[in-house]
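Heads up, the thing below is written out as C-alpha cells.
The values are calculated or read from the model by the stated rules, or taken from the named source; none is laboratory data. From a predicted model like this one, the values you see are computed outputs, not experimental measurements. With ideal geometry, Cβ positions are generated from the backbone for all residues, glycine too; neighbour counts draw on all protein chains shown. Heads up: the accessible areas ignore ligands, DNA and RNA and are worked out on the full protein's heavy atoms, side chains in. Shrake-Rupley method; radii C 1.70, N 1.55, O 1.52, S 1.80 Å.
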Amino acid sequence: MEKVVERLMTDQLLSKFLNLFGLEPEVKKLGDFENYVFETYKNGKAFILRITHSSHRSGEEIDSEIDWMRHLHKSGLSIPEVYSSINGLFVEPLHADDGSEFYGCLYSKAEGEPVNVRSEKFDSQLFKAWGETTALMHKATKSYTPSEGIKVRSSWNQDELLEVEKYFPAEDAQLVENSYELFDSLSKLPQNLDTYGLIHTDIHSGNFFYDGEKIHVFDFDDACYFWFASDIAIPLFYSIFYKIPPEKQEERQEFADKFMMDFMAGYEKANRLPEGWKEQLPLFLMLRDVVLYAVLHKKIAPEDRGERLLAMMAELRERIKNKKPIVNVN
C-alpha cells in the first residue's frame, strides 16, 4: 500500500467500520496491497471486511463490482455473499483526515482452504475444477445487465495501470513502447458475447479456496470488461510464475502443457471455449507481465524492495523487453 494511504488508515477508522457493520472489535489482518482486508467476527462467525481508499476505487466502481457479484451468486456460483451495514448499505463511505474517502464492504468468508502452488493438492483435479468454475462464471456473465442506477463497470483499456509511462522507470522507454504496441494488438481483437464480457480478471490460486472438489473464488476488485481468454491466461501465468523459477524454462513449459490440458478439460465441461482463445493467450500472458511490472513500481517504494522482489521485477522487465510470453501455448 502507498505510504500516504497507510498514514490515513487509522485504528479509529477501522473501529468505525466495524461498528457500521455490527462487527466485534477483534480482527485479523489478511492483506494490504491494494485494499485492506480483515477477517472479522460477529457472534463467533467469521466474515471478511474489505476497506478501499478512493485513490484505488470510487464508490461507484465498488457498487458495480458488488452488483455483478450478486448476479453471479444468484446464478449459483460459489462466491462470497455481500452483506449490508446497519444503514442498509453494501458500500459504507467514511472520510479520512485529508478529506479523501475510504469505503467498507462486508463479505462472507469463502469455504475451503487456500492451496499453495507447491502443495500436493495443486494437481489435476484442482486444475479441472479451476477451469470449470472459470467457465461457469463466463457463462453466467453473458446474461448480466447492470441493475438500475449502477454505473457500467470499466473496460480493460480504462485501467490506469496501462498508463505505463507513469510507473515504469525513465530508462525503460523501450518497455513503454513495447507495451503500447501490445495494447494496440489487443484493441483489434474481436468482441462478441462469446468472447468478451465482464470477468474477474485475476483468478489465481491466491484468490480462491478449495474444498477438495470445488474452488470458491473471491476478490473481485479488478473485475472489468475483458476477453474471456484473459481469465484462462491468468491461472496459467501465476501457477508458473510462483511455482517454477525462470531458469527452469523447460520445466515451466512441461508444467504449462499439463496444466492447460486439465484446465481446459474442466472449462469445456461447463461452457463453450471462446473463439480464438489459443491465439490470444500469448497476448494476455504478456499483458500480465506489463500490468504486474507497473503495479509493483506503483505500490512498493524502491527502499522497500527486497532481493526476491527485485529478481521478480527483473524477470518481468526482460520478458517485456523481448516481447516474450512466460511460456509458449501449444
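A few remarks follow.
- Sequence-distant aspartates and glutamates (8 or more away, or on other chains) whose Cα lies within less than 20 Å of LYS151: GLU60, GLU61, ASP63, GLU65, ASP67, GLU92, GLU101, ASP159, GLU160, ASP219, ASP221, ASP222
- Backbone amide hydrogens, once placed in the peptide plane, bring LEU30 within less than 5 Å of VAL37, PHE38, GLU39, excluding anything fewer than 5 places away on its chain.
- Counting only Cα atoms, the size of segment 170-329 along its three principal axes is 46, 37, 32 Å, in decreasing order.
- Whole-number accessible area per residue in Å² for the chain, which is evaluated in the context of all protein chains at 1.4 Å: 48 Å²
- Cα-projected label distance for LEU161 with ASP32, points at 7 Å along beta-carbon direction, nm: 2.0 nm
- Carbon and sulfur %, accessible surface of the chain computed with the full protein complex present, 1.4 Å: 49 percent
- Span-like helix ranges in the chain, DSSP H, alpha carbon extent 27 angstrom or more, Kyte mean at least 0.0: 277-299
- For segment 267-317, radius of gyration divided by Kirkwood radius, i.e. Rg to Rh on alpha-carbons: 1.21
- Accessible area in the full protein assembly, largest first, 1.4 Å probe, for VAL164, VAL176, VAL27: VAL27, VAL176, VAL164
- For segment 38-109, convex hull of alpha carbons as volume per residue, Å³: 104 Å³
- Residue ranking by accessible heavy-atom surface, 1.4 Å probe, largest first, among HIS73, HIS216 comes out as HIS73, HIS216.
- Taking the C-alpha atoms of segment 189-243, convex hull volume expressed per residue in Å³: 94 Å³
- Segment 25-43 and segment 234-291 have their alpha-carbon centroids 31 Å apart.
- As a length-normalised measure over Cα pairs under 8 Å and 6 or more apart, the relative contact order of the chain settles at 19 percent.
- By the rule of a C-alpha distance below 17 Å, with chain neighbours fewer than 8 residues away ignored, the lysines paired with LYS298 are LYS3, LYS166.
- Packing, as the average of other Cβ atoms within 10 Å across residues, places the peptides 219-232, 123-136, 46-59 in the order 219-232, 123-136, 46-59, highest first.
- Summing +1 for each Lys or Arg and -1 for each Asp or Glu among the other residues whose beta-carbon sits under 11 angstrom from that of GLU101 gives -1.
- Percent of Cα-Cα distances greater than 22 Å, calculated over segment 1-154: 49 percent
- Sum of -39500 (n - 2.57) over DSSP H runs of 4+, divided by residues of the chain (222 nm, nearest 500): -14000 deg cm²/dmol
- Note on LYS323: accessible area is roughly 100 Å² with a 1.4 Å probe, heavy atoms of protein only.
- Proportion of all alpha-carbon pairs of the chain beyond 28 Å (%): 43 percent
- Amide H to amide H, with H built 1.01 Å from N, CYS224 comes under 5 Å of ILE199, counting only residues 5 or more places away or on other chains.
- GLU111 sits among other residues whose Cβ lies under 12 Å from its own Cβ, and their net charge, with Lys and Arg +1 and Asp and Glu -1, is -2.
- Our coupling estimate for segment 144-156, obtained by passing each phi through the Karplus curve with A = 6.51, B = -1.76, C = 1.60 and θ = phi - 60°, is 7, 10, x, 5, 4, x, 8, 6, 4, 4, 5, 8, 3 Hz, Gly and Pro reported as x.
- Taking 25 Å as the limit for the C-alpha separation, the pairs LYS74/LYS269; LYS214/LYS258; LYS74/LYS139; LYS142/LYS214; LYS121/LYS258; LYS42/LYS299 exceed it in the case of LYS42/LYS299.
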